[in-house]
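Please treat every number below as a calculation from the coordinates, not as lab data. What you are looking at is a predicted structure, and each value in this text was computed from that prediction instead of being measured. Virtual Cβ from ideal backbone geometry, glycine too; neighbours counted across all protein chains shown.
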Amino acid sequence: MARNIEIKARVADLAAVEMRAAALADRGPTDIAQDDTFFRCGNGRLKLRTFADGSGELIFYRRDDTRGPRTSFYLRTPVPTPDPLRESLTLAYGQAGRVRKQRRLYLAGRTRIHLDRVAGLGDFVELEVVLTDDEPIDAGTREARSLMAQLGMTTDALIDCAYVDLIAASDAGGTAPSAE
């Protein structure tokens, strides 16, 4: 399974972060509308991501819900017609939630810088440092921390969960998981 080091943080001024991201990036920006349907899954997370062109991908991933750099193991499978698959997975497993976002992607070397505007939640930055098969986790963690500092991201803005968890907490009227 592929893996990366991920950092996700809430941001108050997405435009300011974007200026820094554009200065660091080798490529981008690329705008991507994403509609993620999460399904109940006992040993990780399973989501069906659909794109504006009608295509999609099924993504299974597993990671700890911790603040700061965290390792994520993932498997992505292209899906040319996601709607029938969404229906099948909903009937089989049940939905755990849905996340709609507008993502602006920049690439800085091997790191994907996502500037996300999430419906109902606000603005976030997510960094994904893609690791090679035999690469130590520490190398990706150092790179993620360095980019975090260059983008002006602070540790107090880090979140320890997925957007779907923040939406569920918001819908339930409860306190969202740690975004201290």
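Quick notes on this one:
- Computed extension length for Asp26-Ser55: 7.8 nm, one decimal, from 0.36 nm per residue of separation with the Cα-Cα distance subtracted.
- Computed [θ] at 222 nm, helices only, for the chain once each DSSP H run of length n ≥ 4 contributes -39500 (n - 2.57): -8000 deg cm²/dmol
- Cut-off 13 Å (backbone N to label point 7 Å along Cα→Cβ of Ser88), residues of the stretch 46-62: 58
- Around the amide H of Val79, modelled in the peptide plane, lie the amide H atoms of Gly56, Glu57, Leu58, all under 5 Å away and 5 or more residues distant in sequence or on another chain.
- Range of Cα positions in the chain per principal axis (Å), largest first: 44, 39, 30
- Phi-based couplings in Hz for the stretch 47-53 (Karplus 6.51, -1.76, 1.60; Gly and Pro marked x): 9, 10, 9, 10, 10, 4, 7
- Stretch gain in nm, segment Met1-Asp123, where the contour uses 0.36 nm per residue and the Cα spacing is subtracted: 41.0 nm
- Estimated dipole of the chain in Debye, rounded to 20 [Cβ of Lys and Arg +1, of Asp and Glu -1, Cα centre]: 140
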